[in-house]
Every structure is written in C-alpha cells, then in structure tokens.
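The values are calculated or read from the model by the stated rules, or taken from the named source; none is laboratory data. Note that the structure is a prediction, hence the values are computed from the model and not measured. Here the Cβ positions follow ideal geometry from the backbone for every residue, glycine too, while neighbour counts run over all protein chains shown. When the accessible area is computed, the model is the full protein with side chains, heavy atoms only, and any ligands, DNA or RNA have been set aside. Shrake-Rupley method; radii C 1.70, N 1.55, O 1.52, S 1.80 Å.
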Amino acid sequence: MLLNFSVKNYRSFRDEVTLSLAASSERTHSKAIHRRGAARVLPVAVIYGANSSGKTNVLYALRQLNHVVKSSVKLNPSDPLDFEPFFLDENSQDQPTQFEIEILIADTRYRYGFEYNAERICREWLYAKQPKEREFNLFIRVGDEFEISAKRFPEGIGKEVATLPNRLFLSLVAQLRGTICQQIMEWFYRCNFLSGMQTDAYAGYSMQMFNQHLDGEEDAFNLFNRLNLGFNNLIVSKRDISGELDRIPSEFEPIRTRLKKRLNAKTWVEVHTTHTIYDRDGNPIGERTFNSDEMESEGTKKIIEMSGPLFAAIKAGGILIVDELDSKLHPLLTRDILRLFMDPESNPSGAQLIFTTHDTNLLNRNYLRRDQIWFTEKNAVSSTDLYSLAEFRDTPVGNSGCDPSLAREYIAGRYGAIPYFS
C-alpha cells in the first residue's frame with residue numbers, strides 16, 4: 001500500500017510536494033482505514049484543481065516513477081532517460097528530477113527514491129522500517145559510489161559493479177532475483193494508470209480479464225451490480241473467429257493469409273447485457289440481450305471498459321490511478337465507485353484509488369475524510385502547490401454529520417485551486 005509519494009522538479013512541480021495516504025488523527029470513516037500494525041492507510045485520495053493547475057501532473061509523476069523503475073533494466077548504456085524538469089525557472093532545468101515513495105509491504109515500510117537527469121541516475125536510496133524498530137538504510141547510491149548494508153541487504157552485495165550510470169540499482173537487483181527488490185517491483189506492477197476520458201484503450205485488457213475468468217463471471221457481475229448500471233446480467237461469450245476469414249474475397253488472398261496466421265486459434269470475447277422486457281401494464285415478461293458496445297450508454301461502456309483494471313485492483317489489493325474519473329459518469333455512479341474502495345466489505349484486500357475530478361458532489365464528509373481531499377494550485381512562479389483539506393481549520397459539522405458547506409466553500413475560493421477569470 002502507498003503511504004507517501006513525493007516529487008520535485010518534474011513538469012509543473014519546481015519545489016518538492018508530497019501526496020500522503022497515511023491517515024491523520026481524524027475520526028470520520030474510521031472503518032474504511034486499512035490497518036497494518038501501527039500503520040493506518042487511506043484507501044482513497046481525490047485531487048481537485050483548476051484546469052492547468054497541475055493536478056494531472058501528480059498522476060503523471062506517479063506514472064513516470066513507475067515507468068522509470070520498470071523500464072530501467074531494458075536500457076542500453078547510451079540510452080537517454082526521460083527527463084522533464086520544471087522549465088519555467090532558470091536553474092531547474094540543470095537540476096535533477098526527484099521521486100520518492102513510502103510503501104507498506106506486509107509489516108515493513110520501505111522508503112525508496114532516486115534523482116536523475118537526462119544522462120544518469122544521480123542518487124538512489126532504499127530504507128526499511130519494521131515494527132518497533134528505527135528506520136535503517138539498505139543501500140545509498142551517490143553517483144558511482146554505493147553504501148550497502150551487508151547485514152540487512154546482502155542481495156545487493158557485489159552487484160553495484162554491474163550497475164550502469166543510467167540504470168537503477170533496485171531494478172538490477174530485482175532482475176537478479178533479490179528478494180526485497182522483487183517484492184518492491186511487484187508493488188509497482190500492481191499499479192494501473194487510466195485516463196477517464198479514453199477508456200476504450202483498456203477495453204482489450206478488460207475483455208482479456210473476462211476471457212480468463214469466465215468461471216468467475218459471477219464475481220465480476222456482482223461488482224457491476226453494486227454500481228447499479230441498469231442491466232440485469234452481464235454475459236461473456238467466446239467464439240473462434242479464424243474461420244470467418246474464409247469469407248474474405250479471393251482477390252484479397254495475401255491479406256487473408258496474413259490474418260489467418262496471426263489469428264490462428266484466437267478467440268473473440270463479446271460482452272452482452274440483459275434487460276427486462278415489460279408488458280403495457282409494467283409487468284416483467286422476459287429479457288432481451290444487447291451487444292454492450294452498440295446499445296449501452298457511454299457511461300455504462302466506460303465502466304465495462306475500465307472494469308478490468310478496477311476488478312484487478314479490488315481483487316489483488318493494487319492501486320488504481322485515474323485521471324478525470326467522473327468523465328461521462330453520473331455523480332452517483334462516481335460515488336458508487338468511490339464506495340467500492342471505501343467499504344471494507346467490498347475492499348478487503350486494501351486496494352487504493354487515486355483520482356482527479358471536478359465533481360464537487362464528493363466534497364462531503366458522508367463520502368470522504370478531510371485528509372483524503374487534495375488541491376493543486378499554481379503559485380506566483382507558475383509552479384504547482386499540492387496541499388490537503390486537512391491543512392485548513394475545521395468547519396463545524398451539523399448534527400447529521402454532513403458538511404455540505406465544503407463544496408460551497410471550495411467554489412467560493414476558500415481553499416484555492418479554482419480558476420480565476422479577468
């Protein structure tokens with residue numbers, strides 16, 4: 001689980017900012033908090049901000065950290081690193097980008113980070129903290145110099161000589177079957193990044209999930225049923241399409257041959273939804289099946305398309321990171337997705353959801369804690385600030401426990417992070 005993520009000198013971030021999913025002392029929604037030993041971890045973080053304020057860059061920074069870690073071992077010695085510093089400062093482009101995460105694996109906290117520029121990894125570090133112990137370093141790298149703990153990190157001993165300047169030591173040790181590093185790498189592979197505006201890109205992944213879990217189709221439908229999408233059932237079917245290529249006219253034989261070779265023994269997964277048919281008096285008299293891609297609304301298709309990453313996160317305790325989650329969705333549907341992660345019964349694995357949105361209906365204590373709500377705003381030098389609602393003085397709450405003033409005060413500008421028009 002993710003506890004903290006920090007970024008510095010990347011895109012719109014000049015100075016270091018931190019997104020935290022470590023729960024504060026606030027008492028609301030205490031059942032939603034995941035407890036691992038002394039750690040108290042939030043299942044959801046939502047980010048608000050004006051357009052061009054940098055809220056999407058928070059997610060891009062997380063994605064970039066993930067990309068650098070996973071692609072490091074594939075680099076050739078002369079390959080440049082994907083370096084995107086803050087360009088609106090005369091000094092920042094000459095400084096390295098810095099990423100750091102603090103994650104929880106079993107009962108151990110790991111704090112891992114690195115600094116890099118276009119040519120090399122400048123610094124890299126990994127610390128660990130076990131229950132009732134102080135934090136200790138596993139390795140520290142500065143340039144070509146390494147300090148490795150022989151007692152606590154023997155898997156790294158001797159491997160520093162094989163580490164190229166543009167590669168991460170963590171990724172190399174993981175590739176060489178270092179146990180600790182492999183566990184950390186597995187955490188990165190459980191992170192999924194989605195665009196809420198272009199979910200058709202994930203349809204293939206979701207269909208593959210349905211294809212692999214046809215026997216578990218009921219579990220998938222239970223997930224959709226909680227979201228109340230309006231259909232009665234979700235039907236997944238497979239069919240062999242290679243034989244249908246014979247219908248291609250003979251004059252296109254070269255194309256048909258190539259397609260047959262590529263699609264040999266392949267199956268096509270189709271998803272249909274069933275709806276109730278009623279008589280004139282409103283009595284149910286049967287069901288009708290529709291092709292979901294042709295007949296369902298854009299919002300329903302979006303949920304089906306993103307169901308693969310959503311279902312995988314909930315099942316495996318991963319992290320789902322979504323830009324503009326509310327795009328094409330009714331506010332109540334967005335709220336239901338939020339509840340999937342906030343409800344310990346539907347999220348026993350400790351999955352986490354991080355997303356950006358403009359949906360102010362979620363600014364309500366019935367749905368979120370103050371330490372789960374974050375804002376982005378550009379400062380005087382066009383650098384993005386990232387801060388939590390928990391940093392503001394608390395607003396009195398009525399007897400019902402509901403605080404509808406949060407949305408009103410946000411729109412009024414009390415928390416910043418809104419557009420200003422001249």
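Computed from the Cβ-Cβ distance with R0 of 41 Å, the FRET efficiency linking GLU147 to SER30 stands at 0.50. The Cα center of the stretch 299-340 and the Cα center of the stretch 71-146 differ in position by 30 Å. Looking at the stretch 55-109, the chymotrypsin sites (Phe, Trp or Tyr not before Pro) that sit in a DSSP loop and have at most 16 other Cβ atoms within 10 Å of their own Cβ are PHE83, PHE87.
Local charge sum around LEU81 (other residues, Cβ-Cβ under 9 Å, Lys/Arg +1, Asp/Glu -1)? Spell out each step's value before the answer.
On the way: positive: ARG120; negative: ASP79, ASP82, GLU119.
So the environment of LEU81 carries a net charge of -2.
Other residues within the sphere of radius under 10 Å centred on the Cβ of LEU172, judged by their own Cβ, net out at +1 (K and R +1, D and E -1). Among residues other than GLN130 with Cβ under 11 Å from its Cβ, the summed charge is +2 (Lys and Arg +1, Asp and Glu -1). When you filter the trypsin sites (Lys or Arg not before Pro) in the stretch 7-81 for DSSP loop state and at most 14 other Cβ atoms inside 10 Å of their Cβ, you are left with ARG27.
Segment ARG134..THR257, full-extension length gain: 37.9 nm, with 0.36 nm per residue of separation and the alpha-carbon distance subtracted.
Dividing the convex hull volume of the alpha-carbon atoms in the stretch 64-170 by its residue count gives 119 Å³ per residue. Under the combined filter of DSSP loop state and at most 16 neighbouring Cβ atoms within 10 Å, the stretch 95-192 retains these GluC sites (Glu not before Pro): GLU119, GLU133, GLU135.
Which pairs, out of LYS74/LYS378; LYS159/LYS315; LYS8/LYS31; LYS8/LYS55; LYS55/LYS328, put more than 26 Å between their alpha-carbon atoms? If you can, show how the numbers build up before the last one.
Values: LYS74/LYS378 36 Å; LYS159/LYS315 35 Å; LYS8/LYS31 33 Å; LYS8/LYS55 14 Å; LYS55/LYS328 19 Å.
Check vs 26 Å cut-off fails for LYS74/LYS378; LYS159/LYS315; LYS8/LYS31.
Using a probe of 1.4 Å, the accessible surface attributed to MET197 totals some 100 Å² when neighbouring protein chains are kept in position.
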